[in-house]
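Each remark here refers to the structure printed beneath this line.
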Amino acid sequence: MNQITTLKRKLQIDVKGSLENNPNIIECNISINGRTCSFYTSKSNYEALMYDKVFIRDGKQKDDADVLNTTNIFEETFKK
C-alpha cells in the first residue's frame, strides 16, 4: 500500500531589473524552498503582472538586496 505524503513548497519571485543591453528583457529570480533560479521575461509581461498586483512594491527603486520588486511568499501544499 502506498503512503501519501503532504508536502509544502514556498515560492517567491524577485525582480532584478532590465538587462543592460536590452531594456525590454527583465531579469528575475524565483526561489523555491530556498533554491534560487534566474529567468527572464519581457517588459510587457512584467508590466502586466504589475497591473495584476502580483508584486508588492512599485518597482521604482532597488532595495539593499539589489531587488527592484518582489512578491509575497506563496505557499503551495501538494500530495506526493
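The values are calculated or read from the model by the stated rules, or taken from the named source; none is laboratory data. All values reported here derive from a predicted model rather than from experimental measurement. Cβ: placed from backbone, ideal geometry, glycine included. Neighbour counts: every protein chain shown.
Data overview
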{"read-out": "Failed item, numbered, when F78 is tested on (1) at pLDDT 95 or above; (2) surrounded by fewer than 10 Cβ atoms within 10 Å (Cβ to Cβ); (3) of a type outside the set (A, V, I, L, M)", "value": "(1)"}
{"read-out": "Test for Y51: is it at pLDDT 95 or above, loosely packed, with under 10 Cβ neighbours inside 10 Å and aromatic (F, W, Y)", "value": "yes"}
{"read-out": "Selection count where residues are more than 16 Å from S18 (Cα to Cα) and either acidic (D, E) or in contact with a Lys or Arg (Cβ under 8 Å, 6 or more places away or on another chain) (or both), scope region 35-67", "value": "2"}
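This table checks each residue for (1) assigned to a strand (DSSP E or B); (2) free of Cβ contacts under 8 Å to residues at least 60 places away in the same chain; (3) surrounded by 10 or more Cβ atoms within 10 Å (Cβ to Cβ); (4) of a type outside the set (F, W, Y).
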residue: Q3; (1), (2), (3), (4): no, yes, no, yes
residue: L7; (1), (2), (3), (4): yes, no, yes, yes
residue: D14; (1), (2), (3), (4): yes, yes, yes, yes
residue: I25; (1), (2), (3), (4): yes, yes, yes, yes
residue: S31; (1), (2), (3), (4): yes, yes, yes, yes
residue: T41; (1), (2), (3), (4): yes, yes, yes, yes
residue: E47; (1), (2), (3), (4): no, yes, yes, yes
residue: D58; (1), (2), (3), (4): no, yes, no, yes
residue: T70; (1), (2), (3), (4): yes, yes, yes, yes
